[in-house]
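First up is the structure itself, then whatever we jot down about it.
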Amino acid sequence: MSASPASPVPLPPALAEIADDFTSASNDLKLQLLLEFSDELPPMPERYAGDLSRLERVDECQSPLFLTVEVGEGESLDARVVNLFFDAPPEAPTTRGFAGILHEGLDGLSAAAVLAVPDDAPMRFGLAAAVSPLRLRGMVAMLSRIKRQVRAKTAV
Amino acid sequence: MSKTDSKIDAYAHPDRLVTTDWLAEQIAAGTVGRPDGVALLESDEDVLLYSTGHIPGALKVDWHVDLNDPVSRDYVDGAGFAKVLGSRGISRETTVVIYGDKSNWWAAYALWVFTLFGHEDVRLLDGGRAKWIAEGRELTRDVPTPAAVDYPVVERDDAPIRAFKDDVLAHLGRPLVDVRSPGEFSGELLHMPDYPQEGAMRGGHIPGATSVPWARAANDDGTFKSRPDLEAIYLTEQGLAPEDEVVAYCRIGERSSHTWFVLTHLLGFEAVRNYDGSWTEWGNAVRVPIEK
C-alpha cells in the first residue's frame, strides 16, 4: 500500500484507453459509447449457456447479470490468463454496457494484472453524471466479484 | 382524440390512459411529435433502454438524470422542469403520453412528477414498452429532434400529492399502503428481491400500513387490471374508500407512483399522496416508529 493519494493506482492499458474515451466525451456521447459496449458484449459460450447455476449472480445490478471467470494454467499469477464471461438480457443495456467495458478492458490479462485493478476503476469513466451514481454500483460490484473469483481460482 | 375502449372507459379518469392501438393510430396520422399533437416520452429504469430502440417519435425522459435534482434529494425546480419539457418541444397545452419498462413504474413516476408541476394533460400507455413490443410493433433508434419551445416556469405544488416524513408521522392511524414485496414489508429483506441493497438501517414497515404489492394492480402483460378487479383489491379486500386520505410508499417512490396512479386515476380516490422518501428515508430515520 505504498501508493500515495497523489498517484492513484493506474488502470491496465486497455481499460485506461476506454476510460480516456469516456471522460473526454459529452454525456450524450458517453451513452452512445456505453450502448456500443452493450451491443458488442460477446454472448455466453455454449459450455455455459442454459446452465446459470454455474455462474455467479451479481445482485447489485438493477437487472440480472451473471458472470464467470476462467483462469488458465501457468507458473505464476503473471503467466495465468484470465477470461471473463457475462450474461445479461437485452432489456438491461446499461448493465450489459458495464460488462462490455470490463470485458474489453480486462479479458486476456494476467491474473496479477486483474487483481491489481483498483477498486475505484468504475468511478474513472466520468459516468456518474451521465447514468447517475446509483446505477454505477452495478459496475463496482461486477469488478469486485471478478477479482474475488480470480483470487479464489488462483488460491493454492 | 379519444377512442372508445370499454376497459379504459370504466376507469374514473379514462382520459389518463391510452391503448397501443390508439397510439399506433396517432403515429400513423402524423400527430406524434407535432407541436399541436401528442408528445411521446419513454421513461425507463435503465438509462440506455430507450437508445436500443423505442416507439417511433418518442423522446427519452430519465427519472434520475432529468427529473431529480443533481444535488439535493428532491425533484427539479420549475426552471429545471421547464427546460426538460421545453427542450423536447412540449408546451403547457401539449398532450403528453408516457410509457416505459417494468410495467410502467418509471412512466408512472414521471407522470406523478409532471403532476407536481400541474401539467394538465399527461397520460400513460397501458402496458407500456413491453406490450408494444409483444404486439410486434415497430421500434426505431431514430431520435427525433424537435424544435425547442418555451415552457413556463411553474412553481411545483407538492402538498396535494406528495407526502414528506413529517406528513406521514402526522398521518399515522389513517390508511397507509405499503406496495413493496412481502419480504420487504415483513422486514426480512431490506431491498427488493433481485435489486441492490440500497442501504436501509432497519427493516419493517410504517405502523398501520397494509401490504398491497404494486404488482397486484397489473396484469401479466403489464397493463392495468380492470376497474372491477382493482375495486376487489383496494375497496373490498382493503376496505379503502375513494374519499379516504391515503399515503402510498415503497422504497424510493417509484413503485408507489404506480399505485398512486391506480388509486387516483383508475379508481378516482381524491386524496392520495405518494411518500417518495419511502423506505430509504423511513428505514434510516432516527426514532421513527417501525412495525415488523
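Could you list, in sequence order, all residues of the range A:134-156 that are of a type in the set (A, V, I, L, M) and without any contact (Cβ under 8 Å) to a residue 12 or more places away in the chain?
A:L134, A:A152, A:A155, A:V156
Against the numbered list (1) farther than 22 Å from B:I252 by Cα; (2) surrounded by fewer than 18 Cβ atoms within 10 Å (Cβ to Cβ); (3) touching a strand residue (DSSP E or B) at 6+ places or on another chain (Cβ under 8 Å); (4) not small (G, A, S), B:D126 comes up short only at (2).
Scanning the range B:84-116 for residues that are within 14 Å of chain A (Cβ to nearest Cβ), closer than 25 Å to B:I133 by Cβ and not aromatic (F, W, Y) returns B:G100, B:D101, B:K102, B:S103.
Of the candidates A:A99, A:A141, A:A92, A:A152, the single residue that is touching a Leu at 6+ places or on another chain (Cβ under 6 Å) and either of a type outside the set (D, E, K, R) or within 21 Å of B:K60 (Cβ to Cβ) (or both) is A:A99. Across the range A:19-50, the qualifying residues are those that are under 26 Å from B:V47 (Cβ atoms) and acidic (D, E), and the one among them that is farthest from the other protein chains (Cβ to nearest Cβ) is A:D20. Looking across the range B:196-209 at every residue that is buried (at least 18 other Cβ atoms within 10 Å of the Cβ) and part of a loop (DSSP other than H, G, I, E, B), the one that is modelled with the lowest pLDDT is identified as B:A200. Here A:S53 clears all of (1) more than 14 Å from chain B (Cβ to nearest Cβ); (2) of a type outside the set (K, R); (3) outside any helix (DSSP H, G or I) except the condition numbered (3). Mind listing whichever residues of the range B:46-61 are within 14 Å of chain A (Cβ to nearest Cβ) and not hydrophobic (A, V, I, L, M, F, W, C)? Once the filter is applied, which keeps residues that are within 14 Å of chain A (Cβ to nearest Cβ) and not hydrophobic (A, V, I, L, M, F, W, C), the range B:46-61 yields B:D46, B:Y50, B:S51, B:T52, B:G53, B:H54, B:K60.
Matching residues to (1) acidic (D, E); (2) modelled with pLDDT of 95 or more; (3) in contact with a Lys or Arg (Cβ under 8 Å, 6 or more places away or on another chain):
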| site | (1), (2), (3) |
| --- | --- |
| B:D220 | yes, no, no |
| B:A232 | no, yes, no |
| B:L235 | no, yes, no |
| B:P242 | no, yes, no |
| B:V246 | no, yes, yes |
| B:S256 | no, yes, no |
| B:V262 | no, yes, no |
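Among all positions in the range A:103-112, there is no residue which is within 11 Å of another protein chain (Cβ to nearest Cβ) and in contact with a Leu (Cβ under 9 Å, 6 or more places away or on another chain). Among the residues of the range B:21-45, those identified as more than 14 Å from every other protein chain (Cβ to nearest Cβ), in a loop (DSSP other than H, G, I, E, B) and not small (G, A, S) are B:T31, B:R34, B:P35, B:D36. Of the candidates B:G53, B:G100, B:G57, the single residue that is surrounded by fewer than 21 Cβ atoms within 10 Å (Cβ to Cβ) and not polar (S, T, N, Q) is B:G53. Within the range B:241-252, does at least one residue satisfy the condition of being within 27 Å of B:D74 (Cβ to Cβ), touching a residue at least 60 places away in the same chain (Cβ under 8 Å), within 14 Å of chain A (Cβ to nearest Cβ) and surrounded by 21 or more Cβ atoms within 10 Å (Cβ to Cβ)? There is at least one residue in the range B:241-252 that is within 27 Å of B:D74 (Cβ to Cβ), touching a residue at least 60 places away in the same chain (Cβ under 8 Å), within 14 Å of chain A (Cβ to nearest Cβ) and surrounded by 21 or more Cβ atoms within 10 Å (Cβ to Cβ).
For A:E46, the test of being at negative phi, at pLDDT below 90, among the charged types (D, E, K, R) and surrounded by 13 or more Cβ atoms within 10 Å (Cβ to Cβ) is failed. Could you say which residue among B:E188, B:E135, B:E184, B:E155 is surrounded by fewer than 20 Cβ atoms within 10 Å (Cβ to Cβ), in contact with a helix residue (DSSP H, G or I) (Cβ under 9 Å, 6 or more places away or on another chain), farther than 26 Å from B:A79 by Cβ and in contact (Cβ under 8 Å) with a residue 60 or more places away in the chain? Residue meeting the stated conditions: B:E135. In the condition set (1) more than 14 Å from chain B (Cβ to nearest Cβ); (2) under 18 Å from A:L31 (Cβ atoms), A:S76 is compliant with all but (2). Can you tell me which residue is surrounded by the fewest Cβ atoms within 10 Å (Cβ to Cβ) among those in the range A:120-136 that are within 11 Å of chain B (Cβ to nearest Cβ) and outside any helix (DSSP H, G or I)? Selected residue: A:S132. Name the one entry in A:A79, A:A99, A:A112 that is exposed (fewer than 15 other Cβ atoms within 10 Å of the Cβ) and either part of a helix (DSSP H, G or I) or touching a residue at least 24 places away in the same chain (Cβ under 8 Å) (or both). Result: A:A79 is the single residue among A:A79, A:A99, A:A112 that is exposed (fewer than 15 other Cβ atoms within 10 Å of the Cβ) and either part of a helix (DSSP H, G or I) or touching a residue at least 24 places away in the same chain (Cβ under 8 Å) (or both). Scanning the range B:28-50 for residues that are crowded, with 19+ Cβ neighbours inside 10 Å, at pLDDT 95 or above and more than 21 Å from the chain's Cα centre (by Cα) yields a total of 1. Filtering the range B:62-83 to residues that are touching a residue at least 24 places away in the same chain (Cβ under 8 Å), crowded, with 23+ Cβ neighbours inside 10 Å and within 14 Å of chain A (Cβ to nearest Cβ) leaves only B:W63.
The values are calculated or read from the model by the stated rules, or taken from the named source; none is laboratory data. Everything numeric in this text was worked out from a predicted model, so none of it was measured. We place every Cβ from the backbone using ideal geometry, glycine too, and count neighbours over all the protein chains shown.
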